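Data first, discussion second: the structure below is written as structure tokens.
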Amino acid sequence: MEVSEILLTILESVVFIVKSLYFVLEAIVLKFVPVSYRAKDVSGETVLVTGAGSGLGRLMSIRFAKLGCRLVLWDINKAGLDETANAVKQHGAISYTYVCDLSSRDDIYTAADKVKQEVGSVDILVNNAGIVTGKKFLDCPDSLIQKTMEVNTSAHFWTCKAFLPAMLDKNHGHIVNVASSAGLVGVNGLADYCASKFAAVGFDESLRYEFIAQGKTGVHTTVVCPYYINTGMFTGVKTKFPRILPIVEPEDAVDRIMNAVLVNQHIVMIPGILYLFMALKGLIPTKAGLLFAEHFGINNCMDDFTGRQKQE
């Protein structure tokens, strides 16, 4: 290796270290800066929320309405959609509702075409719709496994294919993928659900790298990885240490999600202790990780799961 090549390698290494330290320090400093001081203005933007007929989807729709956005609401449940539309109307927001089966690619593309014709381009896409079977892998019918993957994963592909090109053209937009902490660590009794959410996490990260590689710095992604949320979707789930790892209240989850979107945070884990747990996962041996899951009740949290008749 020539001297010039050695010097170039050293220089690149120094730049890499300096930039890495800067980004770490920047992240630490920003933790202490209130969101209100660095939040972006989303007023007037068009926000599409899937699974908007109930739960987190409805709450997020209301929050975006309060920020002056116009809403495009998707759900398979028309009655739920109408309730959400009435709720956002009370905050002065315009909304457009579309009944859409998120397990059907054709349904998604048909609804997307209608949105583009009747509303226009979408600035913020919230992939929120999700389902859970809550069955052990061998007890879960093939059709339910397939539907879990279609709603929790494939639907993200099709909505992004429909609305991402306009965002890239304008170099402006935000995609929010609601995944789960079960997309970061395996859980007994949630094999299909974990697989779908791991895929959603990987999809979000890959998209973000694609945008950076293309120089599209104005298009952002946020992946949301919460613990169990008290929306009824995971009725019967229990937590062994509620003070350390509590069942999350929907309003608290939406507070964290909205703050993350407004400051372009890449990943949000709820509650915050999950950041520590995920760091430990990468450091401790597998057997220690299994012991950890047993101690914190992760292996038994789904034992009394009942869920609900209609998934959001």
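Read-outs throughout are calculated quantities, based only on the coordinates presented, and are distinct from any laboratory measurement. Quick caveat: nothing in here was measured; it's all calculated off a predicted structure. All Cβ positions, even for glycine, are placed from backbone atoms using ideal geometry, and neighbour counts span all protein chains on display.
Residues of segment 158-187 that are buried (at least 18 other Cβ atoms within 10 Å of the Cβ) and either part of a helix (DSSP H, G or I) or free of Cβ contacts under 8 Å to residues at least 24 places away in the same chain (or both): Trp158, Thr159, Cys160, Ala162, Phe163, Leu164, Met167, Ser181, Ala182, Gly183. For segment 202-210, check the following and say yes or no: at least one residue is under 18 Å from Met269 (Cα atoms), aromatic (Phe, Trp, Tyr) and in contact with a Leu (Cβ under 9 Å, 6 or more places away or on another chain). No, the conditions are met nowhere in segment 202-210. When segment 16-35 is filtered for residues that are within 21 Å of the chain's Cα centre (by Cα) and either without any contact (Cβ under 8 Å) to a residue 60 or more places away in the chain or not in a helix (DSSP H, G or I) (or both), the ones remaining, listed by number, are Ala27, Lys31.
Note on segment 203-310: enclosed helices (runs of 4 or more DSSP H) holding 1 or more residues that are surrounded by fewer than 18 Cβ atoms within 10 Å (Cβ to Cβ), among the acidic types (Asp, Glu) and in contact (Cβ under 8 Å) with a residue 40 or more places away in the chain are 250-262.
Screening Leu190 on (1) closer than 23 Å to Thr217 by Cα; (2) surrounded by 22 or more Cβ atoms within 10 Å (Cβ to Cβ); (3) among the hydrophobic types (A, V, I, L, M, F, W, C) shows it passes everything except condition (1).
Scanning segment 92-125 for residues that are assigned to a loop (DSSP other than H, G, I, E, B) and exposed (fewer than 15 other Cβ atoms within 10 Å of the Cβ) turns up Gly92, Ile94, Gly120. Candidates in segment 36-58 are the residues that are part of a loop (DSSP other than H, G, I, E, B) and among the charged types (D, E, K, R); of these, the one that is surrounded by the fewest Cβ atoms within 10 Å (Cβ to Cβ) is Asp41.
So, Cys194, is that one assigned to a helix (DSSP H, G or I), under 19 Å from Asp75 (Cα atoms) and of a type outside the set (Gly, Ala, Ser) or not? Outline the logic, then answer.
Numbers: assigned to a helix (DSSP H, G or I): yes; under 19 Å from Asp75 (Cα atoms): no; of a type outside the set (Gly, Ala, Ser): yes.
Here the answer is no, as Cys194 does not meet what is asked.
On inspection, Gly53 does not qualify as out of contact with any Leu (no Cβ under 8 Å at 6 or more places or on another chain) and more than 22 Å from Pro165 (Cα to Cα).
If I filter segment 59-87 down to residues being polar (S, T, N, Q) and surrounded by fewer than 24 Cβ atoms within 10 Å (Cβ to Cβ), which single residue comes out as nearest to the chain's Cα centre (by Cα)? I'd like the intermediate steps shown before the answer.
Taking segment 59-87 first, the residues polar (S, T, N, Q) are 61, 77, 84, 86.
When the remaining residues are screened for being surrounded by fewer than 24 Cβ atoms within 10 Å (Cβ to Cβ), the result is 77, 86.
Details: Asn77: 21, Asn86: 25 Å.
Ranking the candidates gives Asn77 first.
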